[in-house]
1. Looking only at segment 285-314, which residues are of a type in the set (Val, Ile, Thr), modelled with pLDDT under 90 and not in a loop (DSSP other than H, G, I, E, B)?
2. Can you tell me which residues in segment 168-198 are out of contact with any His (no Cβ under 6 Å at 6 or more places or on another chain) and closer than 13 Å to Ser243 by Cβ?
3. Taking the residues in segment 57-96 that are in a helix (DSSP H, G or I) and of a type in the set (A, V, I, L, M) as candidates, determine which candidate is farthest from the chain's Cα centre (by Cα).
4. Surrounded by fewer than 24 Cβ atoms within 10 Å (Cβ to Cβ) and assigned by TED's automatic domain parsing to the domain that holds Asn341, is that true of Pro422?
5. Can you run down the residue pairs with Cβ atoms below 9 Å, 6 or more apart or on separate chains, where the first is in segment 226-246 and assigned by TED's automatic domain parsing to the domain that holds Val185 and without any contact (Cβ under 8 Å) to a residue 12 or more places away in the chain and the partner is of a type in the set (A, V, I, L, M) and in a helix (DSSP H, G or I)?
6. For segment 110-127, what are the residues that are farther than 30 Å from Val290 by Cβ and crowded, with 20+ Cβ neighbours inside 10 Å?
7. Restricting attention to segment 346-361, report how many residues are within 19 Å of Asn378 (Cβ to Cβ), of a type outside the set (Gly, Ala, Ser) and either touching a helix residue (DSSP H, G or I) at 6+ places or on another chain (Cβ under 7 Å) or not in a helix (DSSP H, G or I) (or both).
8. Go through (1) surrounded by fewer than 17 Cβ atoms within 10 Å (Cβ to Cβ); (2) more than 31 Å from the chain's Cα centre (by Cα); (3) not in a helix (DSSP H, G or I) for Leu187 and report which single condition fails.
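The values are calculated or read from the model by the stated rules, or taken from the named source; none is laboratory data. Since the model is a prediction, treat every value here as computed from it, not as a measurement. Here the Cβ positions follow ideal geometry from the backbone for every residue, glycine too, while neighbour counts run over all protein chains shown.
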Amino acid sequence: MAEQKIEDPEREDEDYALDAALVGEILEAVEEGDAARLESLTEPLHAADIADLLEQIGPNERRDLLQIWPRGIDGEVLSEIDESIREEVIEYLPREILTEAVRELESDDVVDLIQDLEEPQQEIILEALEEGDRAAVEQSLTYPEYSAGRLMQREVVTAPEHWTVGEAIDSLRTADWLPEQFYHVVLVDPRQHPVGHATLGKILASRRDMALKDILEDSFRTFHVLQEEGDVAYAFNQYHLISAPVVDDDDRLVGVITIDDAMNVLDEEHEEDVLRLAGVGEESSISDGVRETVRQRTPWLLINLLTANLSAFVISQFSGTIQSLVALAALMPIVASMGGNAGTQSLAVAVRALATRNLTRSNAGRVVRREAMVGAINGFLFAVIMGAVGWGVYGLPLLGLVIAIAMVVNLIVAALAGTLIPLALDWFDLDPALASGTFVTTMTDVVGFFAFLGLATVILL
């Protein structure tokens, strides 16, 4: 979050950011209906901090704040607000405030703002735009979700391919309008096909008589409007791109994607992977209500309940063995727990490597062999420890042998499952983060209990 200094003498030399004390003061001003104090407290905050504030407070407090201080919500704040409360915020804002805020945004920010809204709220936003901007946004919305067409902004700075640096600079200086932020001037041929781009830095550092085509960037590449945004974000990260043109089926320039939007995609995909691995839904947020949170989590808890019953069934098959040696009941959770943790470690590495495309079919065999070796080494290490525990604590050397063998078996299986399961899901074009955790945990529990209790039945009884 951005941190700034407030000019209030009582807060002099203190970091002015969104902390608990400041939130308390803001809520106090909201409760008192003191718009002047509210504006004074929030004015130094970055737009992202104001968005965080709206997400952290309750629905009633959020409604009261927006009614007291609607002008505090500008376009930048709107673009930062989590999608879980966007509709609520838009509903509370006066139409004129919303119109002013939306008109401040670039086309890609408007698309991002409204694509998850219900149709009535979408229409409110579209009506706030000028005719040309509305047409551009509506065109972007016709492209598939999670495509380059949705990610791009329509505002592009272009120049004919035959121009010189001086002509480009003069054009930029006399332009009636330019994007708030841009990094390249895109060169186009007479048919609006992008042929290269030059950075503003190179343009300003070059002689006026130098041709633009002589200072083009080697990293130039284009993306099709239908290309998946995940592929676009990967290319930006892989090839260190700053911006890149987007073209249609005829290779004509229709927009540009900038690095901030590409990095947002990577962040969102990483966040989705983490939430999916935890089984809480890919769009979970602290702003969600009880009903929405229950709806997201219940299916995964139900799946967990079913898999837990599978483990319980395996244990029930060895009830006689457990009754004959009660120590087994105390030790068997250790085998399953160690396997679950080892599987989660391999799973986290594999899912992340698949997301960053470092784990592919070409190196999958080497990675699987490495994980199996790691599992075996860790298995033997902890087998020695638990073997000593079984012998020393319970006075049963054979019990130590049983748990030692079970530990080796389960840690090898855990390492293999943590790598092979997400690989298999990825090969079938399924999200490896979606169900890998459930499968890995189930496998390590079942194998752990079966190996430990099965060996105990054969060796001890």
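1. Residues of segment 285-314 of a type in the set (Val, Ile, Thr): 286, 290, 293-294, 298, 303, 307, 314.
Those left that are additionally modelled with pLDDT under 90: 286, 290, 293-294, 298, 303, 307.
Result: Val290, Thr293, Val294, Thr298, Ile303, Thr307.
2. Our first condition is that a residue be out of contact with any His (no Cβ under 6 Å at 6 or more places or on another chain); within segment 168-198, this holds for 168-183, 185, 187-196, 198.
Matches in segment 168-198: Pro179, Gln181, Phe182, Tyr183, Val185, Pro194, Gly196, Ala198.
3. Within segment 57-96, the subset in a helix (DSSP H, G or I) is 59-68, 70-72, 75-80, 83-92, 95-96.
Going one step further and asking which of them are of a type in the set (A, V, I, L, M), we end up with 65-66, 68, 77-78, 85, 89-90.
On the way: Leu65: 29, Leu66: 28, Ile68: 33, Val77: 20, Leu78: 19, Ile85: 18, Val89: 23, Ile90: 24 Å.
Taking the candidates together, the pick is Ile68.
4. On the way: surrounded by fewer than 24 Cβ atoms within 10 Å (Cβ to Cβ): no; assigned by TED's automatic domain parsing to the domain that holds Asn341: yes.
Judged against the criteria, Pro422 is not a match.
5. Taking only residues 6 or more apart or on different chains, the pairs are Asp231/Ala148.
6. Step one: of segment 110-127, the residues farther than 30 Å from Val290 by Cβ are 110-111, 126-127.
Within segment 110-127, Val110, Val111 meet the criteria.
7. To start, the set of residues in segment 346-361 that are within 19 Å of Asn378 (Cβ to Cβ) comprises 346-350.
Among the residues that remain, those that are also of a type outside the set (Gly, Ala, Ser) are: 347, 349.
So of that shortlist, the ones also either touching a helix residue (DSSP H, G or I) at 6+ places or on another chain (Cβ under 7 Å) or not in a helix (DSSP H, G or I) (or both) come out as 347.
Residues in segment 346-361 being within 19 Å of Asn378 (Cβ to Cβ), of a type outside the set (Gly, Ala, Ser) and either touching a helix residue (DSSP H, G or I) at 6+ places or on another chain (Cβ under 7 Å) or not in a helix (DSSP H, G or I) (or both): 1 in total.
8. Unmet for Leu187, out of (1) surrounded by fewer than 17 Cβ atoms within 10 Å (Cβ to Cβ); (2) more than 31 Å from the chain's Cα centre (by Cα); (3) not in a helix (DSSP H, G or I): (1).
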